[in-house]
Amino acid sequence: MNRARRPLIAGNWKMNAGGQEAFGLATGVADGARGKDRVEVVIAPPFTALAAVAYELHEAKSTVMVGAQNMHHEPGGAFTGEISAPMLKDSGAVWVILGHSERRQHFGETDEIVARKVTAAIRADLRPIACVGETLAEREADQTLEVVERQVRALLDELAKKPGFGVIAYEPVWAIGTGKVARPEDAQEVHALIRKLLTESSPELGAATRILYGGSVKADNAEGLLSQPDIDGALVGGASLDAAGFGKIVESAERLAEAAERG
Ligand code: 13P
């Protein structure tokens, strides 16, 4: 964590809590985030609950923001079953997760598609959380840095249009939902590479862009990860479905940000 960048903790609910359960969970997150003013908190419910959760948070005067988990790159038209960036914005979303490894793996999203989505999100004033990360096979073949570099390079031109507006999430695929969290120093190595690529594109982009870590982040391992100089927050899956546990991750970020302020 670096005091120049405000930590961001985002909860990706994936295909869970898309109905009535969303309300209790969102209220619990809002309660846990109250007073943690150094941290930005985002929750990404399924589409079916997004507008209702955004409305609920607004009514509760919560600073917790809502994000979507995906979108189509076209603003509208004959794309049955799809949802566009302007629609998300209109429903109360501030953020959108793009290029998650589950989208890349199960829905064929390529670097090019992800870049198109990032462009469309920025155009609609929706803040992208663009995901990158290597598979287990790629890590074992020593291709981690190469793969992440390719994925990040595909996004640089888009992100450079509005430095600091978008966020990158490094999520090693082997760490997602497996309980196998990356060691903080291994995650930091990849985050440092991403920072270098951003800075080479423009120093302002490098300084302003928050890079989140994702993959089995829990209350008991968040602090070690968030203490790394280039880890500016977390993208949390499973542990974001428990408001109390998620609140503890937010608390860790708040504590570290407070300590960084004191110097
Ligand atoms: P887990 O925290 O469940 O490993 O999921 C991480 C993730 O994919 C967040 O987008």
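The values are calculated or read from the model by the stated rules, or taken from the named source; none is laboratory data. Every value quoted in this text rests on a predicted model; they were computed, and no experiment measured them. FYI the Cβ positions are ideal-geometry reconstructions off the backbone, even for glycines, and counts take in every protein chain you see. Please note that ligands, DNA and RNA were not included when accessible areas were found on the heavy atoms of the full protein model with its side chains. Shrake-Rupley method; radii C 1.70, N 1.55, O 1.52, S 1.80 Å.
Structural remarks
- Qualifying residues in the range 196-216 (those that are over 12 Å from Asn2 (Cβ atoms) and assigned to a strand (DSSP E or B)) - the one nearest to the ligand (Cβ to nearest atom): Gly214
- Every residue from the range 77-96 that is within 16 Å of the ligand (Cβ to nearest atom) and aromatic (Phe, Trp, Tyr): Trp95
Okay, residues lined up against (1) buried (at least 24 other Cβ atoms within 10 Å of the Cβ); (2) within 9 Å of the ligand (Cβ to nearest atom); (3) not in a helix (DSSP H, G or I):
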{"position": "Lys218", "(1), (2), (3)": "no, yes, yes"}
{"position": "Ala234", "(1), (2), (3)": "yes, yes, yes"}
{"position": "Ser240", "(1), (2), (3)": "yes, yes, no"}
{"position": "Ala244", "(1), (2), (3)": "no, no, no"}
{"position": "Gly247", "(1), (2), (3)": "no, no, no"}
{"position": "Val250", "(1), (2), (3)": "yes, no, no"}
{"position": "Arg255", "(1), (2), (3)": "no, no, no"}
{"position": "Glu258", "(1), (2), (3)": "no, no, no"}
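- Subset of the range 97-117 (residues that are within 16 Å of the ligand (Cβ to nearest atom) and without any contact (Cβ under 8 Å) to a residue 60 or more places away in the chain): Leu98, Gly99, Arg103, Arg104, His106, Phe107, Glu109, Val114, Lys117
- Check on Leu225, within 16 Å of the ligand (Cβ to nearest atom) and either closer than 24 Å to Ser101 by Cα or surrounded by 15 or more Cβ atoms within 10 Å (Cβ to Cβ) (or both): yes
- If only residues of the range 176-195 that are crowded, with 18+ Cβ neighbours inside 10 Å and not in a helix (DSSP H, G or I) are counted, the one that is farthest from the ligand (Cβ to nearest atom) is Ala182.
- Number of positions in the range 126-175 that are assigned to a helix (DSSP H, G or I), of a type in the set (S, T, N, Q) and within 16 Å of the ligand (Cβ to nearest atom): 1
A quick yes/no check of all residues on (1) within 30 Å of Glu59 (Cβ to Cβ); (2) in contact with a Lys or Arg (Cβ under 7 Å, 6 or more places away or on another chain); (3) of a type in the set (A, V, I, L, M):
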{"residue": "His100", "(1), (2), (3)": "yes, no, no"}
{"residue": "Phe107", "(1), (2), (3)": "no, no, no"}
{"residue": "Ala124", "(1), (2), (3)": "yes, yes, yes"}
{"residue": "Pro128", "(1), (2), (3)": "yes, no, no"}
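- Among residues of the range 20-33 that are over 17 Å from Thr63 (Cβ atoms), those with a beta-carbon under 9 Å from a residue that is among the hydroxyl-bearing types (Ser, Thr, Tyr) and open to solvent by 20 Å² or more (accessible area, probe 1.4 Å) at least six positions away or on a different chain give the pairs Ala22/Thr48.
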